[in-house]
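First the structure, in the form of structure tokens, and then the observations on it.
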Amino acid sequence: MSTPEESQNSYLNGRGAQLNTSNKFLKNSLAKEHSEGIDDWEESNAKTTFIIGRSKSIVNKVDSPDVGMAYSLNPYQGCEHGCIYCYARNSHEYWGFSAGLDFERRIIVKKDAPELFKKFLEKKSWDASPISLSGNTDCYQPAERKYKLTRKLLEIALAYKQPISMITKNSLILRDLDLLQELAKLNLISVYVSITSLDEKLRLKLEPRTTTAKQRLKIIEELSKAGLPTGVMTAPMIPGLNDYEMPAILKKSANCGCKSAGYTVVRLNGAISDIFEDWLRKNFPDRFNKVWHQIQSCHNGNVNDSRFGTRMHGEGNFAEMIKNTFKLHCRLNGLNLERVHLDKSLFKVPKQQMSLF
């Protein structure tokens with residue numbers, strides 16, 4: 001195991017993952033042996049590359065009963081935000097990449113997403129159920145500034161009167177406030193903003209290429225003022241690392257106009273276990289054992305639990321304390337008093353087909 005000094009010297013600033021884990025779908029892999037003699041083995045903080053992908057479909061049915069969505073739409077695969085805990089990392093392996101550094105710096109851009117979205121909405125069987133924009137990776141990640149796929153998808157949703165829910169941690173969402181307001185007037189939109197920590201030093205380690213907590217609170221405030229039903233996701237809570245921040249996050253979010261809230265307890269499924277363990281050892285060597293064992297205590301002795309009904313919130317003493325803290329401070333701050341129901345009845349395929357260009 002490397003010393004803290006050696007780890008810090010080789011640390012890739014601006015990235016969450018510090019290594020590329022092997023892809024379980026690939027038969028062949030590269031191994032480092034005697035790496036001290038091979039300069040090319042050193043991981044460099046390479047620039048992000050964007051890969052234009054093509055898909056047969058863009059809206060996915062979600063079978064999990066735990067995530068609060070029935071359908072999801074993701075215009076980007078991989079995410080430059082680099083959140084070390086992100087459950088979406090594993091899905092990058094389906095594309096032949098690693099869940100580690102590849103996930104953050106090899107971003108697949110689905111430029112045909114708007115066209116595929118229109119085709120999906122025009123299916124005769126479609127019942128206008130709400131679709132979650134970014135059920136996997138953040139639709140307002142840095143790539144959106146250039147490609148503007150999310151804005152095009154919102155334009156289509158407005159034209160078809162399709163209900164949309166969103167979750168993001170990027171202030172770029174305020175660019176599209178004009179469209180979001182029009183959707184809100186018709187009760188077609190709800191937005192959650194993810195806030196994991198108010199500690200800027202911790203945020204930079206956990207989520208290196210995301211906007212600050214201060215900016216995220218501003219997002220909640222601006223969206224709420226604009227009439228959008230806005231919530232906060234305190235997710236994931238990592239026992240021994242950021243769980244103590246939950247009361248402050250909920251209070252500050254409520255003060256900014258937030259009306260609803262949710263949370264999850266971290267779970268390290270698939271390759272994320274190795275990625276997170278490496279990150280935790282390098283960033284918090286003095287707290288590693290405490291944090292790791294507390295995560296295990298939330299998942300029956302493991303760092304992951306795939307069982308529906310328990311996997312998102314965990315179980316055991318620490319998980320119970322987090323749940324009770326969440327319930328108490330939601331009550332104290334007047335959160336989750338009403339449930340948002342988006343309007344499906346307005347959905348209609350436009351007679352004059354809108355142009356995508």
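Any read-out appearing in this document is the output of simple, stated calculations on the displayed coordinates, not a laboratory observation. Remember, predicted model here, so these are calculated numbers, not experimental data. When we count neighbours, we look across all protein chains shown, and the Cβ atoms used for this are built from the backbone with ideal geometry, even at glycine.
Worth pointing out:
- Selection within segment 151-181 - under 20 Å from residue 221 (Cβ atoms), acidic (Asp, Glu) and touching a helix residue (DSSP H, G or I) at 6+ places or on another chain (Cβ under 8 Å): 176
- Only residues that are of a type in the set (Asp, Glu) and either within 16 Å of residue 166 (Cβ to Cβ) or touching a His at 6+ places or on another chain (Cβ under 8 Å) (or both) were counted across segment 201-256, and they come to 2.
- Any hit, segment 105-113, residues being among the small types (Gly, Ala, Ser), within 15 Å of residue 154 (Cα to Cα) and in contact with a strand residue (DSSP E or B) (Cβ under 7 Å, 6 or more places away or on another chain): no
- The residue of segment 253-281 that is farthest from residue 94 (Cα to Cα), among those that are charged (D, E, K, R) and buried (at least 20 other Cβ atoms within 10 Å of the Cβ), is 259.
- Within segment 102-150, the set of residues being hydroxyl-bearing (Ser, Thr, Tyr), assigned to a loop (DSSP other than H, G, I, E, B), out of contact with any helix residue (DSSP H, G or I) (no Cβ under 6 Å at 6 or more places or on another chain) and surrounded by 17 or more Cβ atoms within 10 Å (Cβ to Cβ) comprises 134 only.
- Filtered by the rule that a residue be under 23 Å from residue 78 (Cβ atoms), of a type outside the set (Val, Ile, Thr) and in contact (Cβ under 8 Å) with a residue 24 or more places away in the chain, segment 147-171 gives 147, 149, 151, 152, 153, 154, 165, 166, 169, 170, 171.
- Filter result (surrounded by 23 or more Cβ atoms within 10 Å (Cβ to Cβ) and in a helix (DSSP H, G or I)) within segment 81-101: 89, 92, 101
- Hits in segment 326-357 (condition: in a helix (DSSP H, G or I) and over 30 Å from residue 271 (Cα atoms)): 327, 328, 329, 330, 331, 332
- Beta carbons closer than 7 Å, at least 6 apart along the sequence or on distinct chains, pair a first residue in segment 292-315 that is assigned to a loop (DSSP other than H, G, I, E, B) with a second that is aromatic (Phe, Trp, Tyr) for 298/318.
- Checking each residue in segment 316-327 for being more than 16 Å from residue 294 (Cβ to Cβ) and touching a residue at least 24 places away in the same chain (Cβ under 8 Å) picks out only 326.
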